[in-house]
Amino acid sequence: MKTNKLGLPVKESEAIVKELNVLLSNYQVFYQNLRGLHWNIRGKRFFNLHVKFEEMYNDAQLKIDMIAERVLTIGGVPMHTFEDYIKNNKLAVGKNISKDEEAVNLIADSLANLLKIERKILDASANINDEGTNSMMSDFIKEQEKEIWMMNAYLDESL
């Protein structure tokens, strides 16, 4: 079996790179959705949500960089064009959303879809002992599960 410089099997690493690029594409759309929500949110919860969305898009920006660097680390090339991002996107695109519940629902749904991609990567990376990718996915999953819980708690409170 041919391995890369990290000692990981090349063929399986290439498959993980492909999935990481899908995740990268979806994170770019998630990031842009968060920016739009931050800019356009209105209403009585403006101050709280405006700050929360900024916190989330800053976190997404860091994760985008981490994903791209992981792609490079295991021997791939990170996608970096809007064309690639749109082609690989699985998230709803939030356009002109200004209502709090609609915004929070978009975020919760987006995070749930990101989890699906991350769990697929987690399984693949575990199968080849790619601890770097596996650890990153575990961290992302743990944070996003908590974020979904908080978004759902917010929605219950605002009904």
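The values are calculated or read from the model by the stated rules, or taken from the named source; none is laboratory data. Being a predicted model, the structure only gives us computed values, none of them experimental. Glycine also receives a Cβ, built like all others from the backbone with ideal geometry; neighbour counts cover every protein chain displayed.
Considering region 19-61 alone, what residues qualify as being small (Gly, Ala, Ser), within 21 Å of Met150 (Cα to Cα) and touching a Phe, Trp or Tyr at 6+ places or on another chain (Cβ under 7 Å)? It would help to see each step written out before you state the result.
Here is the first cut: in region 19-61, the ones small (Gly, Ala, Ser) are 25, 36, 43, 60.
From what is left, the residues that are within 21 Å of Met150 (Cα to Cα) are 36, 43, 60.
Result: Ala60, single match.
Just one of the listed residues (Leu91, Leu72, Leu23, Leu34) is surrounded by 19 or more Cβ atoms within 10 Å (Cβ to Cβ), modelled with pLDDT of 95 or more and within 21 Å of Ser125 (Cα to Cα), namely Leu23. Val77 meets the stated requirement of being surrounded by fewer than 14 Cβ atoms within 10 Å (Cβ to Cβ) and within 25 Å of Lys2 (Cα to Cα).
In the set (1) within 16 Å of the chain's Cα centre (by Cα); (2) surrounded by 17 or more Cβ atoms within 10 Å (Cβ to Cβ); (3) within 22 Å of Leu155 (Cα to Cα), Glu54 fails one condition alone, (2). Residues that are surrounded by fewer than 20 Cβ atoms within 10 Å (Cβ to Cβ), at pLDDT 95 or above and under 21 Å from the mean Cα position of the chain (by Cα) occur in region 6-14; there is at least one.
Only one residue in Leu115, Leu111, Leu155 is in contact with an Asp or Glu (Cβ under 8 Å, 6 or more places away or on another chain) and farther than 27 Å from Ala15 by Cβ, so which one is that? Step through it out loud before you land on a result.
Values: Leu115 fails: farther than 27 Å from Ala15 by Cβ; Leu111 fails: farther than 27 Å from Ala15 by Cβ.
Only one candidate passes the filter, namely Leu155.
Across region 95-140, the qualifying residues are those that are in a loop (DSSP other than H, G, I, E, B) and of a type outside the set (A, V, I, L, M), and the one among them that is nearest to Lys63 (Cα to Cα) is Asp130.
Residues of region 104-133 being over 15 Å from the mean Cα position of the chain (by Cα) and farther than 14 Å from Leu91 by Cβ, which ones? Talk me through it step by step, then tell me what you get.
Within region 104-133, the first condition is being over 15 Å from the mean Cα position of the chain (by Cα), and the residues that meet it are 104-105, 123-132.
Listed by number, the residues that qualify are Val104, Asp123, Ala124, Ser125, Ala126, Asn127, Ile128, Asn129, Asp130, Glu131, Gly132.
Asp100 passes every criterion in (1) surrounded by fewer than 19 Cβ atoms within 10 Å (Cβ to Cβ); (2) free of Cβ contacts under 8 Å to residues at least 60 places away in the same chain; (3) within 30 Å of Phe47 (Cα to Cα); (4) touching a helix residue (DSSP H, G or I) at 6+ places or on another chain (Cβ under 7 Å) apart from (1). The conditions of being farther than 24 Å from Asn21 by Cβ and either charged (D, E, K, R) or crowded, with 19+ Cβ neighbours inside 10 Å (or both) are not met by Asp130.
When restricted to residues that are among the hydrophobic types (A, V, I, L, M, F, W, C), assigned to a helix (DSSP H, G or I) and touching a residue at least 60 places away in the same chain (Cβ under 8 Å), region 68-85 contains 0.
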